[in-house]
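Data block below; observations after.
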Amino acid sequence: MGFFVAALYFSNAACRAGHGRLAVPSKGLTFFACKGARMAGQQQTSSRGDTSLEQTLEKTEAVAADVQRASDNLAVVNTVLEQGLPEEVQVGDVAQAIEHTSQLEEKLAKSAETLAEVNAALSEEIEKRLEITAERDESQAQAEELKARIRTGAAD
C-alpha cells in the first residue's frame, strides 16, 4: 500500500537535523514536529508596541500559531495512522484512537480559527485606540497653543 504525506519544512535547523522527528520506519515515513519551529514562509510576529492590548495581541497570536501547528501536526499523525495501518488492524482501541485524533484535529482547527477572529478584532480595537489617541493628542496640542496665544495676547 503506497501513500504520500506532504513534507513539512521548518526553519528551525535543530528540527531539520532530526530533533523532534517522528519516524515510521516500516512505512518509510518521517515528519518533523518541533516545538517553536516555524513552517517555511511563516512570519514571526513583529513587535507592535508596549501597551497592554498590544502585548495581549502578541500573546494570542503566538498561541494561535501554536494551536495551528498542533492541528497541522495532528493531521499528519492522523493520516499516518489511517493510511499506514491496514484495515484489519484499525479495530477496537486503535480505531477509537484514530477517531479521537480526528476529533482533536477538528477541535484544534476550530480553536485556531476562533483565535484568528479574536486577534483580528483585537487588532482593529488597537488601531481605533491609536487613531483616537492621536486625535486627542492633536486636540491637546491645539488647546495648549491657544492657551499660549491667549496668554501672550493678554500680556500685551
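Worth a mention:
- In the range 76-95 there is at least one residue that is touching a Lys or Arg at 6+ places or on another chain (Cβ under 8 Å), of a type in the set (Val, Ile, Thr) and open to solvent by less than 50 Å² (accessible area, probe 1.4 Å).
- The range 58-95 - residue that is outside any helix (DSSP H, G or I) and not hydrophobic (A, V, I, L, M, F, W, C) and, of those, nearest to residue 125 (Cα to Cα): 90
- Filter result for residue 105 (within 35 Å of the chain's Cα centre (by Cα), part of a helix (DSSP H, G or I) and not small (Gly, Ala, Ser)): yes
Let's see how each residue does on (1) more than 30 Å from residue 60 (Cα to Cα); (2) under 24 Å from the mean Cα position of the chain (by Cα); (3) surrounded by fewer than 10 Cβ atoms within 10 Å (Cβ to Cβ); (4) modelled with pLDDT of 95 or more:
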position: 116; (1), (2), (3), (4): no, yes, no, no
position: 126; (1), (2), (3), (4): no, yes, no, no
position: 132; (1), (2), (3), (4): no, no, no, yes
position: 136; (1), (2), (3), (4): no, no, no, yes
position: 140; (1), (2), (3), (4): yes, no, no, yes
position: 143; (1), (2), (3), (4): yes, no, no, yes
position: 148; (1), (2), (3), (4): yes, no, no, no
position: 153; (1), (2), (3), (4): yes, no, yes, no
position: 156; (1), (2), (3), (4): yes, no, yes, no
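- Of the criteria (1) more than 30 Å from residue 127 (Cα to Cα); (2) open to solvent by 80 Å² or more (accessible area, probe 1.4 Å); (3) modelled with pLDDT of 90 or more, which one residue 55 fails: (1)
The values are calculated or read from the model by the stated rules, or taken from the named source; none is laboratory data. These numbers were taken from a predicted model, which means no experiment stands behind them. Virtual Cβ from ideal backbone geometry, glycine too; neighbours counted across all protein chains shown. Surface accessibility is based on the protein's heavy atoms, side chains included, excluding ligands, DNA and RNA. Shrake-Rupley method; radii C 1.70, N 1.55, O 1.52, S 1.80 Å.
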